[in-house]
Every structure is written in C-alpha cells, then in structure tokens.
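**Q** Quick one: structure below, then a few questions.
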Amino acid sequence: MAEAHQASSLLSSLSSDGAEVELSSPVWQEIYLSGLRSWKRHLWRVWNDFLTGAVPASPFSWLFLFSAIQLAWFLQLDPSLGLMDKIKELLPDWGGQHYQLQGLLAGALFASCLWGALIFTLHVALRLLLSHHGWLLEPHGTMSSPTKTWLALVRIFSGRHPRLFSFQRALPRQPVPTAQESVRKYLESVRPVLGDDAFDRAAALASDFLRLQAPRLQLYLRLKSWCASNYVSDWWEEFVYLRSRGSLMVNSTYYMMDFLYVTPTPLQAARAGNAVHALLLYRHLLNQQEIPPTLLMGMRPLCSAQFERIFNTTRVPGVEKDYLRHLQDSRHVAVFHRGRFFRVGTHSSNGLLSPRALEQQFQEILDDPSPACPLEEHLAALTAAPRSMWAQVRESVKTHAAAALEAVEGAAFFVSLDSEPAGLTREDPAASLDAYAHALLAGRGHDRWFDKSFTLIVFSNGKLGLSVEHSWADCPVSGHMWEFTLATECFQLGYAADGHCKGQPDPALPQPQRLQWDLPEEIHPSISLALRGAKTLSGNVDCHVFPFSHFGKSFIKRCHVSSDSFIQLVLQLAHFRDRGQFCLTYESAMSRLFLEGRTETVRSCTREACHFVRAMEDKEKTDQQCLALFRVAVDKHQALLKAAMSGQGIDRHLFALYITSRLLHMQSPFLTQVQSQQWPLSTSQIPVQQMHLFDVHDYPDYVSSGGGFGPATDHGYGISYIFMGENMITFHISSKKSSTKTDSHRLGQHIEDALLDVASLFQAGQHLKCRFRGLGENSGCRRGFLSSKTVDPRVPTTSANF
C-alpha cells in the first residue's frame, strides 16, 4: 500500500537540508521506552477487557466452577484435596454461627485460585500452539494429519465464542531473524536488478557488515524483542510514518470504493445517514469486542491491536515528528460541505441516533445557503501541506479557533459531502472510474481532513468512498470495517421506497452546529501555499481503474495455482513489457500472526520470475516450457510469502538494524544502501474478509470495487487488485503524469494482455483463445490475442433495492 512510498522516503525523514539528523535518544533508552509502552498498552487492554467482561475469562466460567465446588462439598466430597481446610484455618474465627459463611469464602478463594491456574495453563498452551508455523509450509491446498490435529487443539483451547481481543495474550512475539540469513536473502533479491559490478559492491558491503557490525546490532534487537511486544512495529510507525515530513495526501493515504454497479439510493443525505449509522454500529461492536477475531485461512487468529485506533483518532502534526491522538469516545462527526465545517452529534440521551435522524441533519447542511467564512473554505489544505509547515500554522489555528479545531480533531471521523457526482457511468465507464479513484485519493486538495484516521466521502449522486490515513493501521483493518459498513447500510438498514432512510424525521432534533474559525489574516499565505502544493500534487497523479471480467479466482483455482502468485507474475510480465527491464517490487504481506505485527515486504521480482518473463518474450519457447518456468516462479513466490508471514522476511529486520545503528551513531554503508533503495513497482492485494455478510452469487451486482494508493516513486507505479467474486479482478493503477517513463493506462493494457497470455498456458485456459476475435500479430501479446480491455458493459444502477 502507501507504506512503500513511506519506506522509500525513510532516509529523507531522517535528514534535514541534506544532513543526517542525529537521534538523540540512547539505544538503551529507546528499548526501555518501547518496553514501557508495551506494558502500558497491555495493562490498558487488561483493564478494558475487565470492563467488558472478557478477562481473564467469562465471569460465568468462574461461577460455574464455584458452583461445582460447592455442590461437591455438599455431597461431602473434597475436590481441593484438603486445601479448603487449610484456607479455613487461615481465615479469622468468626464463631460457630458463621461456619457456613467461612466455608463459602474458602470455596470462593479456592475456586478463584483454580480458575486463574486453569486460565494461565490454557493461555500458555495456546501460545505454544500459535507459535507453530509448520502449517504454512505445506503445499497449497493440502492439509496433513499433524496440521489437522494442531488445528483441532487450537479450536479446543480457543473456547467456544472468542472475542476480538481474546487471543492477544496468547499470540507469540515476532522473532528476530539471523543477520546472515537476512543478508543472504537480500543479495538474492537484488541480483535480478543489479549489474555484475553493482552486485559485487553490494556483496562486499554485506560481507563487511556481517563481520563488523551485525553481531552488536543483533544483540540490541534481541534485547528489544524480549522487552517490547514487537521488536519492529513501534519503530516502523514512528520512523516510516510519523517522522515523514512530506504531504499525507497521496503519499500516506489510500482509498476504498463503493459497490461497482449499484448505488442503493441517489439521495446524498440518506446515503450519508445510513453509512454513518453503520460505521457507528461497527464502533459499538468494536468497543464491546463482539466482532469475531480474524482467522487466517479460517483457522489461525491474527493480531487485533490495530482495530483499537480505527475511530476517534487523529494524526497531530509536529515540527520533527507527528503523534497519534486517540480518544476513548467521541459522540459527534465533523462534516465538510462547500467550504464550511459542521459538528453533527451522533447520539442522544437514548443512544445512537437513527439513520433517518442523521439523514435529517445532513440534509440541513446541504440546504444551508450560508457561504464559507474567510480562510475557512481552503483551511483543510493545510493538512495536505508538509508536516512541519502545518505543525507551525496549527499553533496559530489552535490559539484563535481552539473549539473548532477540537471539534474536527476530536470527532469520531470526518465526513465530506462532495458537490460533484462520482462512480461508474454508462456514457464513459473507463474515464468515470478513473475520475472516481482520483477524487477519493486526492479530492480537490482542500476538501479532506487528511489528519483524521479516515474520511467518509459521500458524493452528490449517493456514491460512497473512503480515504484512509495509513499510519494508524494497514488496509485489512480498515477494509474489514468498510465491508461491514457497505453490507449493513445496504442489506440490514436499507432504504424506504422513496430513497430516504427508513423511519420518520425528528422535529425536536437539534440542528448541526456550524464551526466558527476566527483565524488571523497572517495564516492566509500559508493556506494559499498549501493549496497550490495540494493542487499540484493532485494534478500530477494519474489514476486508472479497470475491472477484468474475462476470468477470475475460479479459473485460477482450476489451474491449481495461488491466485496472488498468479497476479504477481502477471504484473512482472506486464511491467517488463511496459519498461523493458526488471525492477525491485514491493508486495505488502501481513505479519499479524505475531503480537502487534503489521506488515512485511515480499520482493516479488525473483530470478525465477525473470526466467519466466524472458521465456514468455521468447517466441521459440513452447507453452509447456513457459508453464514449467511459471510453476517454478509460483513456488518461489509462495516460499517468500510464507517466510514473510512467519517472521522470516528481510526488510523489517534490516530496517530495525538500520534504526539501531543510527541510535548507536554507527555508520553502516550496507544498511544505508538497503534503506536508500526505491520501489518502482509497489503492489498490494485488497483482501475480502467477510464473505458471510451477503452472498455475492445472490447479489452479483453488489461487488466491491476495492481500492488503491499512490505510486511509491516519481517514476513508478502503485498497483492494487481485488478478486471480486469468482469471475472478476479489479485493478487500480497509479503513476505520476510528470514522469515520461510511466503511463497508468498503458500499463493497464499490458496487464490485460499478460493475464490472457498466462491463462493460455493452461489447458483450462485454451478456450479463452476463441473468446476474442481478431487473432493476429499486431495485438502486442505473445500468443496473438487481440486484447479487449473494456469496463464490464453492465449498466450501473441506482435505487437497486427500493
């Protein structure tokens, strides 16, 4: 996702005017603070679990155990083997009339001790089980008997109805790989993209690093891994995100789209009312831990720590680094419309407002004819400015308009009611999707508050979208929330026959509060400068979105190939045809198998992938030869992906070694070279996590469009893809218009050609040859296909369910 851009700018975030910034904190202090923060978070979670009745286990389990002990005691059985008598001896002697009370108290103490011991044993056993990663190494689509046994034990020790954070205390910590293994894998990954001389220099630097610096750096990292919950995640958040001084817009944001073909209602206020209500329902489930924990492949629980900061979170700018401000609760949302800011309450004395009541407030905002105040209309452009600049101007804004600023930063989330329509149109489907993506990624530069954890965007025709700031969590977490929101607002809440939210308006409902920004004229030049920069950055982004409907996940399954590996090799082939060379490729993989894990990088441009691509471009190679090389490349990609997920990736380890070296003021040419690398091709798959919310086979038009992000480098591409149902793949491609080397639409054409070419290698894909007319030599495809890259001709509809 956008993390590739942030990772590429790591060196610039640790430099000032070309000179390196010295990190003043000693490494010992950083390790101590990391451990302290980890324990604070752990104690806060324990307290929060206690308040929700989830820790250390359900109170009913203690009550059951206590009742069983009392029943046994009544039957003159002693399950404590004499321990309860010992406890009675330690209790004060209250006389004979209190003998039964003494027995009850002794039973309660014994039950509590036994209950705690059993829970501790279960947690230790579960942690040992979750530390096993052998199941990841099994061939794709198979499960051995030991893995089945392991899975059965995990389910037994997990309990009947685990809550969202039930597994947090049982998740293992992310291991620290050996320096030798990480360096070996690094050199292997850069071999396809470096010439012989450059590779020899890299190998020499690596050898010196392993001999002179690695042992000491590894020692500190291992010490941190013992003290902190995760040896890399807090540094990743700080140095990759919060210390980055560039604009958040495009660089540290990503977007998510609405349903592709359906807009449930054309009424903007109604869609906003249902969507906001659905989001706040999700927050309620989150606070009560009633959301089931995410299970990888339906069996291995993932870390849920990132869910804690979805709502009520703002990235506050600082001169040197930002910080994340998270509130325990917020009962309003901040709304932007035509240059004006409003505070909309979301709760009354009876609880969460109904969708119809929220629609009523949004409609009042839409009907309000008052103009924007001076400096107010473009104020949000400051959140798209370089962070140091915004930090300085924010002090003035806070001084003169503290209440308004607090209403925005303290909101549950930000809502933008756009004045323009968006989404797929019948007249120009391709261009309309591209414009939709661009509006979500950048907007107009002044109509999003980029500091908020996410912004809900509602267009004038009822289309929705989400703009997400990246530092607080990764895409699967916000994607989980978005899936719930779309399914809930459309299928559970629904709309009346006239397109409004269900229910009746409330005449006694207070009106939205218009925020007053009494700003000094001195900040006008800063707003103007920020707006020019935002418009320049926005205008330089080239977005292209296209649904590929010739085949999808079901066809790839029939080929007995991992769908992700299939697409990654297609992207390698397409990029080679686009640029005529190979490049370092960033594929985001999750490391949430471990406590507080975030992501790891899969370097998809392998030697095996390059051999396959060259074979596809060699017309003397047969389909069977290309297919054999394809399967070898798939196996290599799967091995890299599994290593990344199991804590044996290389990039986060080398990043943590680099930060440690900077804290120790130790110069490491090898680590500096590693961190200065660029990612011309940044890729990510958008996961579909909650298939149970609604059946896509029963509602084929309600397929998600996925989302996208900006390019990681000035001359690179950002590509995301999502498998929509079983027979469609949607690609989101971004690049910069200022680059003469990239073109999002050109690469999109190459991707479709590559998809068809690779599919034709398989016997199951031979039928694709006769699905397209115009077989010839001018198609640009190795197999002679005439590409037919068009948006699915299905007509977009509104009012689909009323």
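The values are calculated or read from the model by the stated rules, or taken from the named source; none is laboratory data. Here the structure is a predicted model, which means the values were calculated and not measured. In this analysis, Cβ positions are derived from the backbone assuming ideal geometry, glycine residues included, and neighbour counts consider all displayed protein chains. The accessibility values were calculated without ligands, DNA or RNA, using every heavy atom of the protein model including side chains. Shrake-Rupley method; radii C 1.70, N 1.55, O 1.52, S 1.80 Å.
**Q** Counting Lys and Arg as +1 and Asp and Glu as -1, what is the net charge of the other residues whose Cβ lies under 12 Å from the Cβ of Lys452?
**A** Values: positive: Arg309, Arg315, Arg325, Arg448; negative: Glu409, Asp451, Glu469.
Combined, the nearby Lys, Arg, Asp and Glu give +1.
**Q** Percent of accessible area on the chain owned by carbon and sulfur, 1.4 Å probe? Show your work: numbers first, answer last.
**A** Working: 18880 of 32690 Å².
In the chain, the share of accessible area belonging to carbon and sulfur is 58 percent.
**Q** Fully extended, how many nm does the chain gain between Arg184 and Ser370 (0.36 nm per residue separation, minus their Cα-Cα distance)? Each step should come with its number before you reach the end.
**A** Details: separation 186, 0.36 × 186 = 66.96 nm, distance 6.40 nm.
My answer for the length gained is 60.6 nm.
**Q** Also: Take every Cα pair under 8 Å in the chain that's 6+ residues apart, average their separations, divide by the length, and report that relative contact order as a whole percent.
**A** Values: 1434 pairs, mean separation 153.0, N = 802.
That works out to 19 percent.
**Q** Rounded to the nearest 20 Debye, what is the dipole magnitude of region 325-444 about its Cα centre when Lys and Arg each give +1 and Asp and Glu each give -1 at the C-beta? Write down the numbers at each step before the final one.
**A** Values: 11 positive and 15 negative charges, 88 e Å.
Charge dipole of region 325-444: 420 debye, to the nearest 20.
**Q** Continuing with this model, one more query. In Å, what Rg and Dmax follow from the Cα atoms of region 185-275?
**A** For region 185-275, the Cα-based Rg and Dmax read 23.3, 66 Å.
**Q** Would you mind checking which residues have amide H under 5 Å from Leu681's amide H? H placed 1.01 Å from N; only 5 or more apart, or other chain.
**A** HN-HN under 5 Å from Leu681: Tyr586, Tyr717.
**Q** Take every Cα-Cα distance within the chain, group them into 10 Å bins from 0 onward, and report for each bin the whole-number percent of pairs it holds.
**A** 2, 12, 21, 24, 20, 12, 5, 2, 1, 0, 0
**Q** Same structure, new question: May I ask for the distance between the Cα centers of region 168-186 and region 452-510, given as a whole number of Å?
**A** 39
**Q** Also: If amide hydrogens are placed 1.01 Å from N in the peptide plane, which non-local residues have theirs closer than 5 Å to the one on Val415?
**A** Placed amide hydrogens put Ala334, Val335, Phe336, Leu456 under 5 Å from Val415.
**Q** Could you give the size of the charge dipole of region 255-540 about its Cα centre, using +1 on the Cβ of each K and R and -1 on the Cβ of each D and E, expressed in debye and rounded to the nearest 20?
**A** On the way: 24 positive and 31 negative charges, 77 e Å.
Here the size comes out at about 380 debye.
**Q** Hey, another quick one. Treat every Asp and Glu Cβ in the chain as -1 and every Lys and Arg Cβ as +1, leave all other atoms uncharged, and give the resulting dipole magnitude about the Cα centre to the nearest 20 debye.
**A** Values: 75 positive and 75 negative charges, 318 e Å.
The calculation lands at about 1520 debye.
**Q** Averaging sequence separations of C-alpha pairs under 8 Å and six or more residues apart, then dividing by the length of region 255-540, give the relative contact order as a whole percent.
**A** Numbers: 502 pairs, mean separation 92.4, N = 286.
Across region 255-540, relative contact order equals 32 percent.
**Q** For region 375-380, take each phi angle, set θ = phi - 60°, evaluate the Karplus expression 6.51 cos²θ - 1.76 cosθ + 1.60, and give the result in whole Hz per residue in order, putting x for glycine and proline.
**A** 6, 6, 4, 10, 4, 5
**Q** Near the amide H of Val541, under 5 Å away, which other amide H atoms are found, from residues 5 or more places off or on another chain, if H is placed in the peptide plane?
**A** Here the answer is Lys737, since their amide H atoms fall under 5 Å of that of Val541.
**Q** A follow-up question, please. Given only helices, namely DSSP H runs of n ≥ 4 each adding -39500 (n - 2.57), what is the per-residue ellipticity at 222 nm of the chain, to the nearest 500 deg cm²/dmol?
**A** On the way: 24 runs with 338 residues, N = 802.
The per-residue figure over the chain is -13500 deg cm²/dmol.
**Q** Kyte-Doolittle mean at least -0.5 and Cα extent at least 30 Å along the axis: which DSSP H helices of the chain qualify?
**A** Numbers: long enough: 27-51 (36 Å, -0.42); 99-130 (46 Å, 1.50); 623-645 (32 Å, 0.30).
Helices meeting the criterion: 27-51, 99-130, 623-645.
**Q** Once the dipole of the chain is set up with Lys and Arg at +1 and Asp and Glu at -1 on Cβ about the Cα centre, which of Val468, Trp679, Phe120 lies farthest towards its positive end?
**A** The Cα lying farthest towards the positive end belongs to Phe120.
**Q** Follow-up question, since we're still on this one. With Cβ to Cβ distances under 13 Å as the rule, what net charge do the other residues near Pro317 carry (K, R +1; D, E -1)? Intermediate results must be reported in sequence, preceding the final value.
**A** Details: positive: Arg243, Arg245, Arg315, Lys321, Arg325, Arg387, Arg394, Lys398, Lys452; negative: Glu320, Asp322, Glu395, Glu409, Asp451, Glu469.
My count for the surroundings of Pro317 gives +3.
**Q** Here is a follow-up. How large is the Kirkwood hydrodynamic radius of region 123-184, counting all unique pairs of alpha carbons, in Å?
**A** Result for region 123-184, one decimal place: 13.6 Å.
**Q** I need the calculated FRET efficiency for the pair Met297 and Arg201, taking r as the beta carbon distance and R₀ as 56 Å, to the nearest 0.05.
**A** On the way: r = 42 Å, r/R0 = 0.74.
E between Met297 and Arg201, to the nearest 0.05, is 0.85.
**Q** So what's the net charge close to Pro476: Lys and Arg +1, Asp and Glu -1, counting the other residues with Cβ under 11 Å from its Cβ?
**A** On the way: positive: Arg592, Arg598; negative: Asp474, Glu483.
Every neighbour counted, the sum reads 0.
**Q** Quick check on the chain: of the DSSP beta bridges with both residues there, what percent are antiparallel, nearest 5%? List each step's numbers first, then the result.
**A** Numbers: 53 of 70 bridges.
Among the beta bridges of the chain, antiparallel pairing accounts for roughly 75 percent.
**Q** At 1.4 Å probe radius, can you tell me the per residue accessible area of region 260-372 in Å²? Each step should come with its number before you reach the end.
**A** Working: 3740 Å² over 113 residues.
Per-residue value: 33 Å².
**Q** Restricting to bridges with both residues inside region 255-540, how much of the DSSP beta-bridge set is antiparallel, in percent to the nearest 5?
**A** Numbers: 26 of 33 bridges.
Beta bridges within region 255-540, antiparallel portion: roughly 80 percent.
**Q** Right, here's the next one. Say each of Phe74 and Leu219 gets a label point 7 Å from the Cα, pointing the same way as Cα to Cβ; how far apart are those two points in nm?
**A** Going from the Phe74 label point to the Leu219 one covers 6.4 nm.
**Q** While we're on this one: Apply the Karplus parameterisation 6.51 cos²θ - 1.76 cosθ + 1.60, with θ equal to phi minus 60°, to every residue of region 671-680 and state each ³J(HN,Hα) to the nearest whole Hz, in sequence, with x for glycine and proline.
**A** 5, 5, 5, 4, 6, 8, 5, 10, 10, x
**Q** Please name whichever of Val183, Ile722, Thr599 sits farthest to the positive end of the charge dipole of the chain, dipole taken about the Cα centre and charges placed at Cβ: Lys and Arg +1, Asp and Glu -1.
**A** Val183
**Q** Let me ask you something else. For region 479-630, what is the accessible area per residue in Å² when the probe is 1.4 Å? Don't skip to the end; give the middle numbers.
**A** Working: 5890 Å² over 152 residues.
On a per-residue basis, region 479-630 sits at 39 Å².
**Q** Rounded to the nearest 0.05, what FRET efficiency is calculated for Ala402 and Glu320 with R0 set to 35 Å and r the Cβ-Cβ distance?
**A** The computed FRET efficiency comes out at 0.90.
**Q** Report, in listed order, any pair from Lys148/Lys642; Lys557/Lys636; Lys224/Lys452; Lys535/Lys736 with a Cα-Cα distance greater than 22 Å. If you can, show how the numbers build up before the last one.
**A** Values: Lys148/Lys642 19 Å; Lys557/Lys636 18 Å; Lys224/Lys452 31 Å; Lys535/Lys736 13 Å.
Listed pairs above 22 Å: Lys224/Lys452.
**Q** Here's a follow-up. Mind checking the per residue accessible area of region 177-225 for me, 1.4 Å probe, whole number of Å²?
**A** On the way: 2430 Å² over 49 residues.
On a per-residue basis, region 177-225 sits at 50 Å².
**Q** Using a simple spin-label model with points 7 Å from Cα along the Cα→Cβ vector, what separation in nm is obtained for Ser388 and Leu43?
**A** It is 3.7 nm.
**Q** Another one. Can you compute 3J(HN,Hα) from phi for each residue in region 716-721, using the Karplus curve 6.51 cos²θ - 1.76 cosθ + 1.60 with θ = phi - 60°, rounded to whole Hz and x for Gly and Pro?
**A** In residue order, the calculated couplings are x, 10, x, 10, 10, 8 Hz.
**Q** Got a sec? Charge dipole of the chain, +1 on Cβ for Lys and Arg, -1 for Asp and Glu; which of Pro525, Leu65, Val46 is way out at the positive end?
**A** Among Pro525, Leu65, Val46, the one farthest towards the positive end of the dipole of the chain is Leu65.
**Q** Now for a separate question. Okay, which of region 653-681 sit inside 19 Å, backbone N to the point 7 Å along the Cα-Cβ direction of Glu617?
**A** 680-681
**Q** Using a Cα-Cα cut-off of under 13 Å, which aspartates and glutamates could be cross-linked to Lys86, ignoring same-chain neighbours fewer than 8 residues away?
**A** Leaving aside aspartates and glutamates fewer than 8 places away in the same chain, those within reach of Lys86 are Asp78.
**Q** If you take the C-alpha gyration tensor of region 255-540, multiply each eigenvalue by 5 and take the square root, what semi-axes do you get, largest first, in whole Å? It would help to have the intermediate numbers written out before the result.
**A** Working: eigenvalues 154, 103, 87 Å².
Square roots of five times the eigenvalues give 28, 23, 21 Å.
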